[in-house]
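Asker: Take a look at the following structure, please.
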Amino acid sequence: MSTEARMFALAIGGIALLTVMDAIAKALAADYGTFQIAFARFAFSALWVGAAASVLRPGWPRRDRLAAHGLRALLMVATTSAFFYAIGHLPLAEVFVLTYTAPIFVALFGALLLGEKVDRITVAAIACGFAGVVWVALGDAQTGDGAPRPWFALACAIACPVTYALGNVLLRAQTAHEHVVTIVLTQSLLASALLLPAIVATQATLPTLHGGLMFAALGLFGAGGYLAFASAIAKLPAARVAVADYSGLIWAALLGYLLFAEIPKPSLWAGAVLILGGSLLMLRAKKPKTA
């Protein structure tokens with residue numbers, strides 16, 4: 001097996017672990033607030049990765065990289081909080097589909113804010129992706145139990161891929177300068193610190209023994225998945241990273257069905273085809289020229 005094939009398999013494994021983490025977060029959402037779950041995700045990840053760092057001794061974070069660590073930690077907090085809120089109110093697979101719009105948003109913002117010229121393939125990709133978002137969001141005016149659609153949760157699901165995409169770009173750059181264990185540990189600690197004021201403001205409840213074990217598992221799967229994906233992402237081309245990312249939809253649909261009795265509706269799969277098609281078209285588009 002070639003190095004690229006091994007890294008691709010590692011990336012898919014990392015996404016699988018992260019999807020299990022998301023399923024645990026969804027289960028915790030019934031009893032705990034979004035910020036508390038996000039804090040536990042990073043705090044327990046720091047504990048697990050810290051134990052690994054004590055053995056591997058990857059080195060301290062570089063002073064000249066602390067600003068980059070802080071920026072990515074802020075993006076991680078925004079992404080994780082929005083994502084965890086969304087999965088607490090929407091089916092797991094539906095949230096995953098909506099997060100795959102990241103490449104489309106990047107191209108759209110480049111055109112609107114930076115004056116980048118886009119070719120026909122990019123225009124088609126943007127149109128295709130947004131048609132998919134509209135189809136998923138409006139495909140069912142009500143949830144399965146007859147309740148109205150949670151529009152704020154939908155907005156969170158649509159917004160978080162923007163910060164996720166920016167965070168992945170920073171991660172690829174950082175792995176060229178520091179050990180992945182150093183990166184994960186530093187950013188997990190910083191993200192935990194950033195979430196502390198929200199924990200105090202929302203008066204988070206003390207977890208039960210079962211809740212504490214679930215939080216520990218949340219951090220374990222988050223740390224394992226993050227380490228695996230971060231190790232692979234620096235050695236894979238963007239197209240392979242995107243395909244590995246998209247494998248999360250399979251895991252999300254499977255876990256949603258097995259753990260939460262969620263059966264994806266036809267409108268979801270139709271929207272998924274449009275969104276994934278738009279993202280794949282974006283990867284094939286030529287690099288835009290600036291005006």
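Taken together, the values in this text are just the output of simple stated rules run on the coordinates, not laboratory data. Because the structure is a prediction, the values reported are computed rather than measured. Note that each Cβ is placed from the backbone with ideal geometry, even for glycine, and that neighbours are counted across all protein chains shown.
Asker: Among Leu98, Leu171, Leu71, which one moves the most in a GNM of the chain with springs linking Cα atoms closer than 10 Å?
Answerer: Its mean-square fluctuation being the largest, the pick is Leu71.
Asker: Also, quick follow-up: Per 5 Å bin, what percent of the C-alpha pairs of the range 200-244 does each bin hold, from zero upward?
Answerer: 5, 18, 15, 14, 13, 10, 9, 10, 5
Asker: Could you list Arg149, Arg63, Arg57 so that the one with the fewest beta carbons within 10 Å of its beta carbon is first and the one with the most is last?
Answerer: So the residues, fewest neighbours to most, are Arg63, Arg57, Arg149.
Asker: Would you work out which of Leu218, Ala5, Thr163 lies farthest towards the positive end of the dipole of the chain, given +1 charges on the beta-carbon of Lys and Arg and -1 on that of Asp and Glu, about the Cα centre?
Answerer: The Cα lying farthest towards the positive end belongs to Ala5.
Asker: A further question follows. Report the semi-axes of the equivalent ellipsoid for the chain in whole Å, largest first, where each axis is √(5λ) for an eigenvalue λ of the Cα gyration tensor.
Answerer: 28, 26, 18
Asker: Magnitude of the Cβ-charge dipole of the chain, K/R +1 and D/E -1, about the Cα centre, nearest 20 debye?
Answerer: Once rounded to the nearest 20, the dipole reads 940 debye.
Asker: If you average the sequence gap of Cα pairs under 8 Å that are 6 or more apart and divide by the length of the chain, what percent do you get for the contact order?
Answerer: Once divided by the residue count of the chain, the mean separation gives 45 percent.
Asker: How large is the charge dipole for the range 3-75, taken about the Cα centre, if only the Cβ atoms of Lys, Arg (+1) and Asp, Glu (-1) carry charge, to the nearest 20 debye?
Answerer: With only Lys, Arg, Asp and Glu charged at Cβ, the dipole is about 300 debye.
Asker: Per-residue ellipticity at 222 nm for the chain, helices alone: DSSP H runs ≥ 4 residues times -39500 (n - 2.57), over residue total, nearest 500 deg cm²/dmol?
Answerer: -26000 deg cm²/dmol
Asker: Take Val55, Val49, Val243, Val181 and order them by how many other Cβ atoms sit within 10 Å, fewest up front.
Answerer: By the 10 Å Cβ count, ascending: Val55, Val243, Val181, Val49.
Asker: May I ask you to evaluate 6.51 cos²θ - 1.76 cosθ + 1.60, the Karplus curve with θ = phi - 60°, for each residue of the range 219-226 and list the ³J(HN,Hα) values in order in whole Hz, giving x for glycine and proline?
Answerer: x, 5, 5, x, 5, x, x, 5
Asker: Now, a different point. Taking neighbour Cβ counts within 10 Å as the exposure measure, how do Ser231, Ser2, Ser45, Ser81 sort from fewest upward?
Answerer: Listed from fewest to most nearby Cβ atoms, that is Ser2, Ser231, Ser81, Ser45.
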